[in-house]
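Data block below; observations after.
Any read-out appearing in this document is the output of simple, stated calculations on the displayed coordinates, not a laboratory observation. For clarity, every value in this text was computed on a predicted model and none was experimentally measured. Every residue, glycine among them, receives a Cβ derived from its backbone with ideal geometry; neighbour counts consider all protein chains shown.
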């Protein structure tokens, strides 16, 4: 599990580099899909699957109780305890992780999944940079998000190219 963000980064890197270095390999189809798209699909599925898994872990913790995740530093333990004590952050994160992870399972909704997961991924990055010192883990998830966002960047263009000529305009 500790290597998962780096496996996602490798899949994304292969998706980026295969068209440049692969030539014909990039165009070869496996089950009607190019090798490049299989790399991106793998990265997307692993990233979304991880957040679905974490949503399930949070749901189990909320419904059945338990020790939760071991926090390595007193500061990270205090932060985690504050989230637990709030009573609303963990359910909110669970829903966010579930919807974001689920949306990443399909290419069409991948940009939506990335948009939903952007705030918690920022918190994960800052949490590990500031509170645990584990910049590799937090940075791995952030880099995976950045690579996937780059791949599916066309899905975000509606955010800055709004067409105000729709017939519903009043």
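Measuring from a point 7 Å past the Cα of residue 154 along Cα-to-C-beta, which residues in the stretch 94-123 have an amide N at less than 19 Å?
The answer is 104-115.
Order the peptides 78-91, 130-143 from the highest to the lowest mean number of other Cβ atoms within 10 Å of their residues.
Per-residue Cβ counts within 10 Å, averaged per peptide and sorted highest first, yield 130-143, 78-91.
Can you tell me the relative contact order of the stretch 85-147? Whole percent, Cα pairs under 8 Å, sequence separation 6 or more.
Answer for the stretch 85-147 is 22 percent.
How do 153, 161, 107, 41 rank when sorted from fewest to most other Cβ atoms within 10 Å of their own Cβ?
161, 153, 107, 41
Going by how many other Cβ atoms sit within 10 Å of their own, how do 47, 97, 152 line up, fewest first?
152, 97, 47
What three numbers, in Å, describe the spread of the alpha carbons of the stretch 4-154 along their principal axes, ordered from the longest?
Computed over the stretch 4-154, the largest-to-smallest principal extents equal 55, 29, 25 Å.
In nm, what is the difference between 0.36 nm times the number of residues separating residue 92 and residue 75 and their Cα-Cα distance?
Extra length available between residue 92 and residue 75 comes to 3.9 nm.
So what's Rg/Rh here for the stretch 62-133, counting alpha carbon atoms and using the Kirkwood radius for Rh?
For the stretch 62-133, the value is 1.03.
Over the stretch 4-154, calculate the relative contact order: mean separation of alpha carbon pairs under 8 Å at least 6 apart, over the residue count, as a percent.
It comes to 26 percent, rounded to a whole number.
Relative to the present Cα-Cα distance, how much length would full extension add between residue 134 and residue 84 at 0.36 nm per residue of separation?
Stretched out fully, the residue 134 to residue 84 stretch lengthens by 15.9 nm.
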